[in-house]
Structure formats: C-alpha cells, structure tokens
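Just below is one structure, and these are the notes that go with it.
No value in this document is a laboratory result; all are computed from the given coordinates. Source: prediction; values computed, not measured. Neighbour counts run over all protein chains shown; Cβ positions are idealised from the backbone, glycine included.
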Amino acid sequence: MKTFYKKFLEKFIEGLLMLSGTVTTLTVVLIVFFLFKEGIGVFNKKPVEEGYVIAVNNKNPINKLSSEQIKNIYDQKITNWKILGAPTDSIILFRLEDVSNYYSDAEIGENFEGLPICISLLTDSLPNIIAFFPEKYIDKNFKGKQLEIDKVKLSEFLTGKEWFPTAQPAAQLGVMPLILGTLWVSLGAILLALPLGLAASVYMSEIANEKIRRIMKPLIELLAGIPSVVYGFFGLVIIVPLIQTTFDLPVGETGLAGSIILGIMALPTIITISEDAMRNTPRAMKEASLALGASKWQTIYKVVIPYSISGITAGAILGIGRAIGETMAVLMVTGNAAVIPHSILEPVRTIPATIAAELGEAPNGGLHFQALFALGCILFLITLFINLTVEFISNRNKYNKH
Amino acid sequence: MFKIESKNVDFFYGSSQALKNINIAIKPNTVTALIGPSGCGKSTYLRLFNRMNDLIDNTKITGQILIDGEDIYAKGVNVDSLRKKVGMVFQKPNPFPKTIFENVAYGLRVNGISDKKFIEERVETSIKQVALWEEVKDKLKKSAFELSGGQQQRLCIARALAIQPSVILMDEPTSALDPISTSKVEELIYELKSKYTIVIVTHNMQQAGRVSDTTAFFYMGELIEYDNTKNIFTHPKIERTQNYITGRFG
C-alpha cells in the first residue's frame, strides 16, 4: 500500500513538472505566433486608410499609384500628371473638405445627402483632379475612376526611407530609418561600452585584490538592477544638456546620448560575463605563462584574454542584445526623429522606442497597429540572430577546449 | 659552489607556518628529489625557487634563498628574469590553447625575441631535447591539445627548456601520466641532468630512487633528512624517514 502511494506521488510530481515545462514552452510559442500573425497582417493591407477611396477622372490613363506617389501628390511634391506619365496637366487636389469650394451648402445637403452626386460630377468635370474621400460617398453611378492601391510590400516596407504611419491619405511605412537608428545607437553603445567593460573586467579579474573586487562587483551588478526609466531620466537631465553645450547643438537629444546611456546599461552584462570568463582561465595556464618569464600584463593579453575570448564575445553580444531591445531610456534621450541618421549628433529613433511611443495611439487591428507588430517581428529576428550567434560561439569554444 | 642554497627558510600562509627553518644546498647538474606525505610543504618549497608563491595573497617568507649566490628575495630582484633562469614543469600537463610550435615559442616571444629563424631553430632543438620531434614534426601547426597526456607533458618540458634556464623545477611531473610516458619523462630527466640543475617533487618513492642524486624528506613543514639518495633509501639516519620510505606511513 505504501509503495503504491509513493509511486503515485512520484508520478504526480513528474506530471506536474512536465506540465509546467509544457506550459512555459507553449507560452513562448504562442507569443511568437501572435507577434508574427499580427505583424504579417500588415502585408495584407492597403496603405490607404480603411473605408477611403482615391479616384481620378475617367479619361485619366493612370490606374494605379503607389503610396509614395500619393503622398508626394498630396504633399505637392508632384504637381503635374505628366511626371506620372499621363497627358493631362497640373494636378488638382481634392479632399472632402474642399467640396464647399465647388458646391453650395444647399447642393451638398444638410446631412450630406447630395455629396455623392457632387463628388461624382466634380471628378467627371475636372480632368486633372485626384480625389480622396470616404467610400460611403461613392455615388451609384460614379463617373470617375477609382484608383487601385497596391498592398504593402515587404521589400518596400524594409527599404522604405519614410515612416509616417498616420499620414493622410497614404501611410508611409518605410522602416529603414528605424532599423538604421537602432543599429546606429547600438553600435555607438558597444563602441563605448566594450573597451571600458573589457578594461574593468581585466582589472577586476586579474589586478584588483579580493577586497576591492568584493566591493566593486556587487556595485557593478547593481547597475543592472537600476530601472531603465531612471537611466533615461539621468540621460535627459545630465547627458543631453552636456552634449548640447559641448557640441553646440540646437538640441542635445541625439543618437550619441542614446549610445552613452545604452553603453552604461550594457556595461554590467559585458563586465560580469567577461570577468567570469577570465576568472575561469585555469590557474595552471597563468602559472605556466608566468613561469616562462612572462610579465603579468603579457600573461593577461597572451593567455587570459585569448583563453576567455569566447566569454568576452558572448558578453559583448549579449550587451548589444540588451542595447537593441532597450526601450524607455532610449525613448527619452534620442529625440525620436524617424529619419536616416547621418551623424551621431542627430536625433534618431529606434524600433523599440517607436513601438512604445506609437502603440497607444494606433487603433487596434488597423494598418498602423499591424505595422508596429511587424516592427516587433524585425526586432525579434535581430535579437534571435544575436542569441544564436552567442550560442554558436560558446558551442564552438566548448569543442576547442574539449 | 652550490647552485641553490636555502638558509633558514620559514614560510607562512597567513598565520599558519608551512615551512620551518629549511636549510638545503644543491650542487649544480644534480637531480634533487623532494619527498614526503601530502601537505608536508614540499610543493610549497619548490615554488619558492621561482617565486611562484608570490601569486598567492597573504604569504610571507623569511630567511634566504640563493641561486648562483644571489638572494632571489632581495629587494630589486627582477622576478621575470629570475623565472627565465628557473624553469618550471607542473603537475598536470598545461599547454596553452595554441599550436604546438607556439607553445614552445611562447617563452621566447614574451622575452622579446622576434627573430623568426632563431625561434624556429630554438623550438626545434627544444623539442628534440625532449625526444618529441619525430612525433610532432609534421603537426607543429596543430593544437597542442591534440597530443596525448605524455606528449603534452614533454611539450611542457620543451617549453621550459626553450628559454634555456639553468634550473628546472618539476612539481610531480609524472603524476598524471601512464607508466610508459612516465618512464620516458624519467629518462629525459636523467639526460637533462648534464645541462641543468633539477629539483623534482614526487610522491613516487621508486621514481625518487631512480632519478635523483640527493633526496630531501619533508614532514609537517620540516626538513627531516637531506642526504644522498642512496643513503636515504638504504641507511636513513632518522627513523621517521625509514618508516615513510618503507611505506609504514604516508
């Protein structure tokens, strides 16, 4: 009886453990699935707001415009149909609110009941018109021609240079500036953090005595526990003004400020991981080097660093990983201009900052909303790639040291 | 003239005394074996000769150790040059994670030698000295980890020889090796004697008897007896030495 009870208990615990493992795995898979389901949805949408149409005169030979062309037309960067290959001349823009320029209130009607006919007539009478209006105002016998709008394409999404997800009439979903902004800020961060972090970890593992190490290490680890909003605040109050005055800039919120803050945030990861790797260098290896007349410094750079290079690399890459995914601090100090950066002294906008700043105002399930999820997918893929690289490097190293 | 002299050496780890008043004089071109039970201080003593114990925090030495008549613990002694003169082979083979060639060349490079031809020649002679050349001459560019344990240990000896020390310290150099590799290393020690002064720590009584000229028996941080190996093994003057050698304790 007792054995039966014991066996039952063991099976029960086994089942419980399996259940928690399964639940965790499923959660991860579910989150990734949800992310990609929402993100990929954007490529099924047209870049024009839902429920709106764009129409031209029936004789206009153009059937199709890209979202960039539409934007340029409405921004009056393209003012002539000839540029787009049509014979007619300068473009006449028409938005719904322009209707009162052409028709009296009586014609439009109190409840806009005359509006569809007005629009229909107008598109018919003006050969150069391009009209943007809600779908519900299309007349049954509409005389104009509705333009076909392409769905958002992956290639345009990735290479597009403009990010105006709420632009009217056509949203611009080019994530290039955001990807470049993210990589730019992270690269700057790693360039600042790597030398400093490496120096600190060499000092702590090889030079500092036990007493100093025991004070320094917890302090540096504490750096990892500071909430990122505090870093952001620190950056905003101290670093941003400092950059502004030092470089005599109109605004101090720049990529450089983001890099500095992210560099500081990446330091504890880099230092703790590389310090551990260096301390794992076998004592026998160091003694062998010293016994051959090598100085302490020669031993560090000829034996300790080569021996722990994979740990150092892993630390650096995980540090970048943290920098790339970091949201709040960057949002606060980089200025968030979605333009392709040309120097570190310009405002930039990163992917996480974009998602955090815009998700609140994007209508659930809409184009903008899904575009932000697609951004999330890109971020996920970047960090996944980073983690796989770390995995690869540490595996390769296990083989080397057998 | 003695190669190594140790005068009234006391050594402390923190407040515990590891060595008590050790006096030994070692002649050049001899092999001296340090024997004794674990924890008796023989390895600690060996590591005093190239100041390896400096790496351990909170240690203290009093008394004098003279090598070629110079006090190696005097102020202003260049420890790096001392270690060039006093090579060391460790308990476990500890090649660097580098190629076979680079392992042997390491000592030359860190001592500022960059003449490629000179390094190549020296590496070759050193590897030949440990009778490893035939086994590795075709794979000098391969990782030293590809060698067997015995080969690795001989490589480590070659590495120590490459900078041409005059003293070689060996800390249980065969304890991690199989019997065949062990006998190869022992033969090697015998051959190296003509050029170097060797001090070897060993747990293996037979080994001490086979390779050494003089033997020092340590017990609890004290030097119990120091004499010709032959005398120690046949007519030890002190009973405790006799008991240890015959295996009654240890």
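Among residues other than A:Lys46 whose Cβ falls under 13 Å from its Cβ, what is the net charge (Lys/Arg +1, Asp/Glu -1)? Spelling it out: positives minus negatives among the neighbours equals -2. In this Cβ point-charge picture (+1 for Lys and Arg, -1 for Asp and Glu), segment A:304-402 has a dipole of about 520 debye about its Cα centre.
Computed from Cα positions, the angle between helix B:149-162 and the longest principal axis of chain B comes to roughly 90 degrees. In the protein assembly as shown, helices alone account for a calculated mean residue ellipticity at 222 nm of -15500 deg cm²/dmol, with every DSSP H run of four or more residues adding -39,500 (n - 2.57). Sparsely packed loop sites in segment B:186-250 (the chymotrypsin sites (Phe, Trp or Tyr not before Pro) outside DSSP H, G, I, E and B with at most 14 other Cβ atoms within 10 Å) comprise B:Phe249.
Mind checking which of A:Ala294, A:Thr327, B:Gly39 is farthest towards the positive end of the protein assembly as shown's charge dipole, using Cβ charges of +1 (Lys, Arg) and -1 (Asp, Glu) about the Cα centre? Result: B:Gly39, furthest along the dipole toward the positive end. Please work out the Cα center distance from segment B:1-35 to segment A:134-155, rounded to the nearest Å. Going from one Cα centre to the other spans 98 Å. With Cα atoms defining each centre, segment A:1-70 and segment A:235-305 are spaced 39 Å apart in the structure. Electrostatic tally near A:Asn60: other residues with Cβ closer than 15 Å to its Cβ, Lys and Arg +1, Asp and Glu -1, net +2. Taken about its Cα centre, chain B carries a charge dipole of roughly 240 debye when the Cβ of each Lys and Arg holds +1 and the Cβ of each Asp and Glu holds -1.
Helix B:116-129 axis versus longest C-alpha principal axis of chain B: approximately 50°, rounded to the nearest ten. Hydrophobic, long helices, defined as DSSP H runs whose alpha-carbon span along the helix axis is 20 Å or greater and whose mean Kyte-Doolittle value is at least 0.0, occur in chain A at A:2-41, A:176-202, A:210-225, A:255-279, A:309-325, A:367-401. One compactness figure for the protein assembly as shown is 1.51, namely its Cα radius of gyration divided by 2.2 N^0.38 Å. The trypsin sites (Lys or Arg not before Pro) of segment B:150-249 that meet both conditions, a loop assignment by DSSP and at most 16 other Cβ atoms within 10 Å of the site Cβ, are B:Lys195, B:Lys237, B:Arg248.
Dividing the mean sequence gap of close Cα pairs (under 8 Å, 6+ apart) by how many residues chain A holds gives a relative contact order of 19 percent. So what's the net charge close to A:Ile190: Lys and Arg +1, Asp and Glu -1, counting the other residues with Cβ under 15 Å from its Cβ? Counting the neighbours of A:Ile190, the net charge comes to 0. Charge dipole (Cα centre; +1 on Lys/Arg Cβ, -1 on Asp/Glu Cβ; no other charges) of the protein assembly as shown amounts to roughly 3020 debye.
Listed by chain and number, the lysines whose alpha-carbon sits under 23 Å from that of B:Lys3, ignoring those within fewer than 8 places in the same chain, are B:Lys20, B:Lys27, B:Lys42, B:Lys75, B:Lys84, B:Lys85, B:Lys193, B:Lys195, B:Lys230.
Each DSSP beta bridge with both residues in the protein assembly as shown is either parallel or antiparallel, and the antiparallel ones are about 60%. Checking every one of the trypsin sites (Lys or Arg not before Pro) in segment A:6-107 against DSSP loop status and a limit of 14 other Cβ atoms within 10 Å picks out A:Lys59, A:Lys77.
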